[in-house]
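Student: This structure is in structure tokens; I'll ask about it shortly.
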Amino acid sequence: MTFTADILKLFDEKWALVTAGAPDSFNTMTVSWGGMGTLWSRPVVTVYIKPVRYTHEFLDRNEYFTVSFFDGRYKKALALLGSKSGRDTNKVALSGLTPKEITPEAVGFEEAEATIVCRRILRQDLDLEAIPDFAKKTYYETEAPHTMYIGEIEKIL
Ligand SMILES: Cc1cc2nc3c(=O)[nH]c(=O)nc-3n(C[C@H](O)[C@H](O)[C@H](O)COP(=O)(O)O)c2cc1C
């Protein structure tokens, strides 16, 4: 499948769900920071996830994750999945979205207009020392910096 998007607006305006884990045990959360491109001559997706997120544990434990995009009708569902934690709520049920097994190691959603299946090829905690002052002040006064996960795109559905 060909994936066409205005890459500078895709994450920032449309948002996405990052989902990791197996169908019987997964977690998902909304992201608006991310990118797509090329690394080591492979097509990749990059996402940035704070260590305090429950999804972070699932990303660390699993080699695969999915990045799912939705049309505007699901913005409310994405807002909910980005404001509650799967640690203490069944937020997927509350969102009304329908999880779907994509492979035994990858979960997506029936309602997604595009789902990218990624195999993690790099995981790296952002180095606070290397982060510019404006971002340090805004994002990292109280919480540890994001972890960057880069996944090789295996499939686009
Ligand atoms: C529009 C939007 C974008 C977000 N983008 C990110 C992001 O890129 N990285 C991140 O760590 N958290 C981001 N968040 C916050 C998480 O989605 C939120 O903390 C979520 O409740 C974490 O869920 P979890 O604890 O079940 O993993 C975003 C939230 C919203 C509403």
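Readers should treat all values here as calculations from the given coordinates under stated rules, not as data from a laboratory. Everything numeric in this text was worked out from a predicted model, so none of it was measured. Every residue, glycine among them, receives a Cβ derived from its backbone with ideal geometry; neighbour counts consider all protein chains shown.
Student: Among V52, V117, V92, which one moves the most in a GNM of the chain with springs linking Cα atoms closer than 10 Å?
Tutor: Maximum fluctuation in the GNM of the chain, among the listed residues, is at V52.
Student: Counting pairs on different chains as well as pairs 8 or more places apart, how many Lys pairs in the chain have Cα atoms under 18 Å apart?
Tutor: 12
Student: Choose one answer from G35, G21, G96: the residue with the largest mean-square fluctuation in a GNM of the chain with alpha-carbon springs under 10 Å.
Tutor: G96
Student: Taking square-rooted eigenvalues a ≥ b ≥ c of the alpha carbon gyration tensor, is region 25-157 rounded, prolate or oblate, where a/c under 1.5 means rounded and, failing that, a/b exceeding b/c means prolate?
Tutor: Verdict is oblate for region 25-157.
Student: Quick one: which of 132-138, 143-149, 84-90 comes out on top by average Cβ neighbours within 10 Å, and what's the full order, highest first?
Tutor: The densest-packed peptide leads the list: 143-149, 84-90, 132-138.
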